[in-house]
Amino acid sequence: MTTRASSQAQTRGVLYVHSAPSALCPHIEWALGGVLGAAVHLEWTPQPAQSGTYRAEYSWSHHTGTAAALTSALRGWNHLRFEVTEEATAGTEASRFACTPDLGVFHAVTGLHGDIMIPEDRLKAAAMKSALGDTTLELEVDKLLGKPWDDELETFRHAGDGAPVRWLHHVV
């Protein structure tokens, strides 16, 4: 009998915890372990962009859909900023998730070179909102590209330059 995890395509990705209060750090590790099926121990370093918070990076190898599962496990926790990426496979697109306390979750499908791929129905909806005068097209396209999330996370990303990354390999 084949298990679901062993029959799915394998992919890789990276979790970037940009800022988390110290009390939340062990809970993040526990949530990651629940998704990945193995104990996870992150190397937490102080986040200079926000006093009293910590950052960590974790590279993983697991089945497709893991980035979405990790995001679901972490979303909604107060004071947590993170991003998760997942590489494409022969049958799935690459993806990127970003989450901030104020903005919530952003998701984008990414192309081979990291470009965000926006479905035409979302572009049409943005153009319609703009035409109705509810907003500007520039503002709507910025949201589709994740600009508000990038703007908020940029300071936290640069504060983590040079931080170590650890790999987790799932064994079936």
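All of the numbers you see were taken from the coordinates with simple rules; none came from a lab. All of these numbers come straight from a predicted model, not from anything done at the bench.
Only Cα pairs under 8 Å and 6+ residues apart enter the sum, and on that basis the relative contact order of the chain stands at 26 percent.
Looking at the chain alone, DSSP beta bridges between its own residues are antiparallel in about 90 percent of cases.
If you sort the three axes of the alpha carbon gyration tensor as a ≥ b ≥ c, you get a/c of 1.5 or more for the range 1-110 and a/b above b/c, which makes it prolate.
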